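Undergrad: Below are the structure tokens for one structure; questions will follow.
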Amino acid sequence: MRGQMQELFRVALGLATPWVVSKIEFSEEQRQLELWLDFPAGSRFVCPECGRGGRDGRDECGVYDSSERTWRHLNFFEHKTLLHARQPRIECPDHGVKTVEVPWSRPGSGFTLLMEAFILVLVRGGMTPTQAAGLIGEHDTRVWRILQHYVEQSRAAADFSEVTAIGVDETSRRRGHNYISVFMDLDSEHSRVLFATEGKDAGTVRAFKQDLEAHGGRAEQIEEACLDMSAAFIAGLRAQFPEAQLTFDNFHLMKLLGDAVDRVRREEQPTHPELKGTRYVWLKNDWNRTEKQTRIFDELRSSKLATVRATHMRSVFQDLFAYDSVEKAEPLLKQWYFWATHSRIPPMIKAAKTIKRHWAGVLRWFTSRISNGLLEAINGLIQSAKRKARGFRSTRYLTTMVYLIAGKLDFKLPAIAQVTHTK
Ligand SMILES: [Zn+2]
């Protein structure tokens, strides 16, 4: 019976010769299961340096010494499970004394591979690292270390050689603090986060280019880039990706005009009390106003309020993007510019001049048809992860989460289908 149990666990753990399960201890009070793994006296191992004996096993190296180690494994039902083993060092005639890695864990980890796979599944499934740590009863620093390892390892193998269209946007760890820049592949088939890094200046674009090239990408292959109108990103992209045509992201253009409309309302409100409490009446569109907002809009739309005229300018600008070609849209954009700059509404004049300064990139959309909509969607996921985690302790943790959520990384871990005996 004893021997059968040991054989059962040997199979369950996927152990190959010479590894065997030598002892099993189960404590109901401590809610703990402990397994001792061992190799028989006289066992020989393949040299990790030269692979001596790897093919036929005849030439393997003898054990020099060993040291006791413990690994945390998947819970056995509600019982914490620990594996103990002596990790051998062999003596190779060519390479001297070398540590042999055990097959159930990666070097230096205190967890088994299956435990690490389980943690990754939890976090990718929407748990915060702190929640996952709580579930398995470990400090979250250990969980973060695992996440960072797999992100780094899988990013090292990622291939960016096909990337031709990129998008960049920024997000922050806390509102207004610790910005990171996120670069995306905008190809609809492989859309994913390529790179995330601290900062939001021209230096971040340079760092992205280096990373892209380290993954087989080529700067001169980047034909299209989507961004907001930030001067740092514009300068960075022009310098590092001279072949790329810049498209200013629609979401950010509409935000520019929305902010201008809001400023008009705030300036007008002191002399026009009917504008009180109407902020969203002007920021929304015909199709998404509530009933009450529609009523207020209809009451005020024929007035001479600057807010009403500014709102009209905003929606006409938005409607330009329904045209199917730059030939049709550009003359209308010129008319719009004339209208806005002659409106005598300072915030609208200012916004129109910003559009004028970015003219080519505003119109590029009619050719490239790219937007950072996907990035905005990812940003939504990041914000939600941030809320759940009540912020991240470091920028590095935030970038790790970004890759986990949107990097489409291949972690090369044991199939989690085996993880069926865990609560
Ligand atoms: Zn060797």
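Undergrad: Do any strands (runs of 3 or more DSSP E) lying entirely in segment 1-117 carry at least 3 residues that are modelled with pLDDT of 85 or more and within 16 Å of the ligand (Cβ to nearest atom), and which ones are they? Can you show your working first?
TA: Details: elements: 20-27, 32-38, 61-76, 79-92, 96-99.
Per the criteria, 61-76, 79-92, 96-99.
Undergrad: Evaluate segment 242-250: report whether one residue or more is more than 20 Å from Lys350 (Cβ to Cβ), aliphatic (A, V, I, L, M) and at pLDDT 95 or above.
TA: Initial filter on segment 242-250 (more than 20 Å from Lys350 (Cβ to Cβ)): 242-247.
Those left that are additionally aliphatic (A, V, I, L, M): 244, 246.
Keeping just the survivors that are at pLDDT 95 or above gives 244, 246.
There is at least one residue in segment 242-250 that is more than 20 Å from Lys350 (Cβ to Cβ), aliphatic (A, V, I, L, M) and at pLDDT 95 or above.
Undergrad: Among (1) part of a loop (DSSP other than H, G, I, E, B); (2) buried (at least 21 other Cβ atoms within 10 Å of the Cβ); (3) not β-branched (Val, Ile, Thr), which single condition is Ala158 missing?
TA: Status for Ala158: all satisfied but (2).
Undergrad: Out of segment 35-55, which residues are among the charged types (D, E, K, R) and touching a residue at least 12 places away in the same chain (Cβ under 8 Å)?
TA: Just the residues of segment 35-55 that are among the charged types (D, E, K, R), to begin with: 38, 44, 49, 52, 55.
If the condition is that a residue be among the charged types (D, E, K, R) and touching a residue at least 12 places away in the same chain (Cβ under 8 Å), then Asp38, Arg44, Glu49, Arg52 are the ones that fit.
Undergrad: Look at Leu375 and say whether it is assigned to a helix (DSSP H, G or I) and touching an Asp or Glu at 6+ places or on another chain (Cβ under 6 Å). Spell out the reasoning first.
TA: Numbers: assigned to a helix (DSSP H, G or I): yes; touching an Asp or Glu at 6+ places or on another chain (Cβ under 6 Å): yes.
Spelling it out, Leu375 is indeed assigned to a helix (DSSP H, G or I) and touching an Asp or Glu at 6+ places or on another chain (Cβ under 6 Å).
Undergrad: I'd like the full set of residues that are basic (Lys, Arg) and more than 14 Å from the chain's Cα centre (by Cα), limited to segment 144-175.
TA: Initial filter on segment 144-175 (basic (Lys, Arg)): 145, 155, 173-175.
Matches in segment 144-175: Arg145, Arg174, Arg175.
Undergrad: Let me ask something additional. Which residue, of Arg396, Arg344, is open to solvent by 20 Å² or more (accessible area, probe 1.4 Å), among the charged types (D, E, K, R) and not in a helix (DSSP H, G or I)? Break it down stepwise before answering.
TA: Details: Arg396 fails: not in a helix (DSSP H, G or I).
Every option except Arg344 fails the conditions.
Undergrad: Could you please find all residues in segment 347-364 being open to solvent by 40 Å² or more (accessible area, probe 1.4 Å) and either touching a residue at least 60 places away in the same chain (Cβ under 8 Å) or of a type in the set (Lys, Arg) (or both)?
TA: Answer for segment 347-364, where residues must be open to solvent by 40 Å² or more (accessible area, probe 1.4 Å) and either touching a residue at least 60 places away in the same chain (Cβ under 8 Å) or of a type in the set (Lys, Arg) (or both): Lys350, Lys353, Lys356, Arg357, Ala360, Arg364.
Undergrad: Can you run down the residue pairs with Cβ atoms below 8 Å, 6 or more apart or on separate chains, where the first is in segment 20-34 and farther than 15 Å from His84 by Cα and the partner is not in a strand (DSSP E or B)?
TA: Arg31/Glu78
The values are calculated or read from the model by the stated rules, or taken from the named source; none is laboratory data. Being a predicted model, the structure only gives us computed values, none of them experimental. All Cβ positions, even for glycine, are placed from backbone atoms using ideal geometry, and neighbour counts span all protein chains on display. Accessible surface is based on the protein model in full, side chains and every heavy atom, while ligands, DNA and RNA are left aside. Shrake-Rupley method; radii C 1.70, N 1.55, O 1.52, S 1.80 Å.
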